[in-house]
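Chemist: Structure below; questions to follow.
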Amino acid sequence: MQRIPRDQSVFSFSPQHAPVAQCTSGDVVVFETFDCYSNKITREDQVVRPSGWDNTNPATGPLYVTDAKPGDILKVEILQIQLDSQGTMRAGPGSGALGHVLEERKTKIIPIRDGKALFNDKLALEVNPMIGVIGTAPQGEAISTGTPGPHGGNMDCKRITKGSILYLPVHVPGALLAMGDVHALMGDGEVVICGLEIAAEITVKVQLLKGSKLPLPLAISGGQAITIASARTLDEAAVQATEMMHDFIRKALNMDPQEAGMLLSIVGNLRICQIVDPLMTVRMEFPLWILEKYGYVLP
Ligand code: CA
Ligand code: CA
């Protein structure tokens, strides 16, 4: 099994990055990842100012997928997310949704033992390992690993966990897949601009789909099909994620637009992924069993 070491990482998704590894469709690859601070914060007395998006979120890769061409879809199955033994959090003035409330900066180191994050003496929280940053290269200009978008990137969607599937667009030859920014645990919103940031080893199976049509990025997780959209405001992202799902189910279920809209309005759930990155991210979740009932099979 191929393994990409964590020091082979990038701070943007870009067609300019030279691939650090290559695989073919169907291969299983392990991505060793730094935490979003490049594993540089290991003690609580390291209270450093946020350094901006340019050197946050190292993403391991990029991986070149043989024969991937623009217009293809990359299907990434997340087989395993193995966490390090401790994670890091930071909170302070000027950062995230509470930046105007917090007066001092604080760093917290949180040990992980037996699948629990030991937040303090009272709270041992069950971990839910997820990938914050995962994407492919865009066609044109580089996109920082701090920013989410149609290429994936910093979506901070807590549904991207072990056992889930993520479909990503291929914009450039080889797709150039990269990932990092694993969280041992994160709430929807990621309000202080970090999850429980942690180094990890992510095992994925990568498959290339030719001639398939899906709204991208699309995740399959927890019995739901999930469209993910990012925009300047939550309102815009919410409408985009809804439109993506509406268009998808209309065709998949062969419904007229009104009928598909009504169904979405009663069984679809709009949820916030994050409100702290340069663009806001929202997801629309739709039950997989309904797709199955109509005989729709995901590629
Ligand atoms: Ca993130
Ligand atoms: Ca993060």
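Chemist: Taking the options GLU201, GLU197, name whichever one is under 17 Å from the mean Cα position of the chain (by Cα), surrounded by fewer than 19 Cβ atoms within 10 Å (Cβ to Cβ) and in the same structural domain as ILE131 (by TED's automatic domain parsing).
Modeler: Checking each option against the conditions leaves just GLU201.
Chemist: Ok, one more. Filter the stretch 17-43 down to residues that are away from ligand 1 (no atom under 16 Å from the Cβ), in contact (Cβ under 8 Å) with a residue 40 or more places away in the chain and surrounded by 12 or more Cβ atoms within 10 Å (Cβ to Cβ), then give me how many there are.
Modeler: 14
Chemist: Among the residues in the stretch 125-140, are any open to solvent by 50 Å² or more (accessible area, probe 1.4 Å), of a type in the set (A, V, I, L, M, F, W, C) and part of a loop (DSSP other than H, G, I, E, B)?
Modeler: No, every residue in the stretch 125-140 fails to be open to solvent by 50 Å² or more (accessible area, probe 1.4 Å), of a type in the set (A, V, I, L, M, F, W, C) and part of a loop (DSSP other than H, G, I, E, B).
Chemist: In the stretch 1-16, which residues are open to solvent by 30 Å² or more (accessible area, probe 1.4 Å) and in contact with a Ser or Thr (Cβ under 7 Å, 6 or more places away or on another chain)?
Modeler: ARG6, GLN8, SER9, PHE11
Chemist: Grab the strands (runs of 3 or more DSSP E) fully contained in the stretch 1-112, keeping just those with 3 or more residues being aliphatic (A, V, I, L, M), within 20 Å of THR161 (Cα to Cα) and under 16 Å from the mean Cα position of the chain (by Cα).
Modeler: Numbers: elements: 2-4, 21-23, 28-33, 59-65, 73-83, 86-91.
It comes to 73-83.
Chemist: Something else about it: Of all residues being within 15 Å of ligand 1 (Cβ to nearest atom) and of a type in the set (Lys, Arg) in the stretch 142-176, which is surrounded by the fewest Cβ atoms within 10 Å (Cβ to Cβ)? Just the residue, please.
Modeler: ARG159
Chemist: Would you pick out the residues in the stretch 177-189 that are away from ligand 1 (no atom under 11 Å from the Cβ) and open to solvent by 10 Å² or more (accessible area, probe 1.4 Å)?
Modeler: Result: LEU185, GLY187, ASP188.
Let's see how each residue does on (1) open to solvent by 70 Å² or more (accessible area, probe 1.4 Å); (2) in contact with an Asp or Glu (Cβ under 9 Å, 6 or more places away or on another chain):
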| residue | (1), (2) |
| --- | --- |
| ARG232 | yes, no |
| ALA238 | no, no |
| ALA241 | no, no |
| MET244 | no, no |
| CYS273 | no, yes |
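The values are calculated or read from the model by the stated rules, or taken from the named source; none is laboratory data. From a predicted model like this one, the values you see are computed outputs, not experimental measurements. Note that we place each Cβ from the backbone using ideal geometry, even for glycine, and neighbour counts take in every protein chain shown. Remember, those area values only see protein heavy atoms, side chains included, never the ligands or the DNA or RNA. Shrake-Rupley method; radii C 1.70, N 1.55, O 1.52, S 1.80 Å.
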